[in-house]
Amino acid sequence: RDAVKLKKESCQAWLAQGTPEAAEAYRQAKRAAARVVSEAKTWVWEEFGEAMEKDYRTDSWKFWQTVRCLRREEPKAEDSEVDSFITQADVTEVVQQLLGGKAPGVDEIRPEYLKSLDVVGLSRLTCLCNIAWQSGTVPLDWATRVVVPLFEKGDRRVCSNYRGITLLNLPGKVYSRVLERRVRPLVKPRIQEEQCGFCPSHGTLDQLYTLHRVLEGSWEFAQPVHMCFVDLEKAFDRVLRGILWEVLWEYRVSVALC
């Protein structure tokens, strides 16, 4: 724990000072922490192996009970990838996909600024994301939102005739997109093919085309068509966020992401 704590403190010092000495101290602390963690894991597995060997000789029921539990809880390869550190390649790919000309958050950082970062700048942004990832908390600025109401139609004095958009700080948005890219492969197999909302490469045009083909076929063969359209008003704003965490937990998404 001391080695990991020293690594975090060295990273924060490097971000604050930006000197070559601070960078070298962070690299050394990072290597030392990795070595200590590796040694600790090796020791734990050795202790576990000795305990399993003892149970195999003296308590076969307990041995096979442990084996069955391990088989049920065997982590998938994708789980280790989800729980791993955020790489600079992850951050770079998200930054490159940012669209220009968008309104900034309270920090006034625009997409063009991040897309102009060099390797050093992207490295520091990656370090910030990893600090948030390891600590489970984000800077207060990243959580600060600016809600801008946009008038849609009707009486301007009625609040329900406005649609609100939220302006987020861009570094925080980059971090959230990195996490979203880790969650999506885990939940995508459970999403029905007909789902179009919030799914890349899926849109209502596909459904309109399918409906058009169905109507053409029913007209050709003189068959009735029954349709039901459900209009969910402000569906996104009314989703209970607590239930979303429960759904992710049921989907066996990593605790670190929930």
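Readers should treat all values here as calculations from the given coordinates under stated rules, not as data from a laboratory. Note that this is a predicted model, so its numbers are computed, not measured. FYI the Cβ positions are ideal-geometry reconstructions off the backbone, even for glycines, and counts take in every protein chain you see.
Please find the FRET efficiency linking residue 106 to residue 4, where r is the Cβ-Cβ separation and R0 is fixed at 25 Å, and quote it to the nearest 0.05. The partial results should precede the final answer.
On the way: r = 32 Å, r/R0 = 1.28.
With a Förster radius of 25 Å, E is 0.20.
Which whole-percent values make up P(r) of the stretch 125-226 when all C-alpha to C-alpha distances are grouped in 10 Å steps starting at zero?
Here the calculated profile for the stretch 125-226 is 11, 21, 25, 24, 12, 5, 1.
Mind ordering 222-229, 151-158, 25-32, 50-57 by average Cβ neighbours within 10 Å, highest first?
Per-residue mean Cβ counts within 10 Å order the peptides as 25-32, 50-57, 151-158, 222-229.
If we count every other residue with Cβ under 15 angstrom of residue 213's Cβ, Lys/Arg +1 and Asp/Glu -1, where does the sum land?
Working: positive: none; negative: 194, 206, 216, 220.
Summing Lys/Arg as +1 and Asp/Glu as -1 gives -4.
Kindly state, to the nearest 0.05, the FRET efficiency for residue 67 paired with residue 195, given R0 = 51 Å and r defined as their beta-carbon distance. Write out the running numbers ahead of the final one.
On the way: r = 39 Å, r/R0 = 0.76.
Using R0 = 51 Å, I get an efficiency of 0.85.
I want the local charge near residue 53. Using Cβ-Cβ distances under 15 Å, sum +1 for each Lys or Arg and -1 for each Asp or Glu among the other residues.
Numbers: positive: 54, 57, 62; negative: 46, 47, 50, 55, 59.
With Lys, Arg at +1 and Asp, Glu at -1, the neighbours total -2.
Could you quote the convex hull projected area for the chain, Cα atoms only and averaged over all directions, in nm²?
On the way: hull surface 91.6 nm².
Seen from a random direction, the Cα hull of the chain projects 22.9 nm² on average.
Could you rank the peptides 120-127, 169-176, 106-113, 42-49 by their average count of other C-beta atoms within 10 Å per residue, with the highest value first?
Numbers: 120-127: 16.4, 169-176: 21.5, 106-113: 14.5, 42-49: 10.1.
Result, highest mean Cβ count within 10 Å first: 169-176, 120-127, 106-113, 42-49.
Could you give me D for the stretch 1-74, from Stokes-Einstein at 10 °C and 1.306 mPa s, where the hydrodynamic radius is the Kirkwood radius over C-alpha pairs? Units µm² s⁻¹, please.
Values: Rh = 15.0 Å.
After rounding, the answer is 106 µm²/s.
Hey, what number do you get for the chain at 222 nm if only DSSP H runs of n ≥ 4 count, each worth -39500 (n - 2.57), divided across all residues, to the nearest 500?
Details: 11 runs with 155 residues, N = 258.
Mean residue ellipticity at 222 nm (helix-derived): -19500 deg cm²/dmol.
Averaging over all projection directions, find the projected area of the Cα convex hull of the stretch 76-190 and quote it in nm² with one decimal place.
Details: hull surface 38.9 nm².
The directionally averaged projection comes out at 9.7 nm².
So, in nm, how far is label residue 118 from label residue 146 when the simple model puts each one 7 Å beyond its Cα toward the Cβ?
It works out to 3.0 nm between the two label points.
Please give the length that would be gained between residue 51 and residue 34 if that part of the chain were fully extended, namely 0.36 nm times their separation in residues minus their C-alpha to C-alpha distance (nm, one decimal).
Going from the current span to full extension adds 3.5 nm.
Taking only C-alpha pairs under 8 Å that are 6+ residues apart, what is the relative contact order of the chain in percent? Can you show the working numbers first?
Details: 172 pairs, mean separation 36.5, N = 258.
Result for the chain is 14 percent.
How many nm is it between the label spots at residue 244 and residue 225, if each spot is 7 Å from the Cα in line with the beta carbon?
3.4
For every other residue with a beta carbon closer than 15 angstrom to the beta carbon of residue 173, add +1 if it is Lys or Arg and -1 if Asp or Glu, then tell me the sum. Please list the in-between numbers first.
On the way: positive: 102, 110, 115, 145, 177, 181; negative: 90, 93, 107, 108, 112, 141, 180.
Within the 15 Å Cβ shell, the charges total -1.
Using a simple spin-label model with points 7 Å from Cα along the Cα→Cβ vector, what separation in nm is obtained for residue 251 and residue 21?
Here the modelled spin labels are 4.8 nm apart.
Counting pairs on different chains as well as pairs 8 or more places apart, how many Lys pairs in the chain have Cα atoms under 25 Å apart?
23
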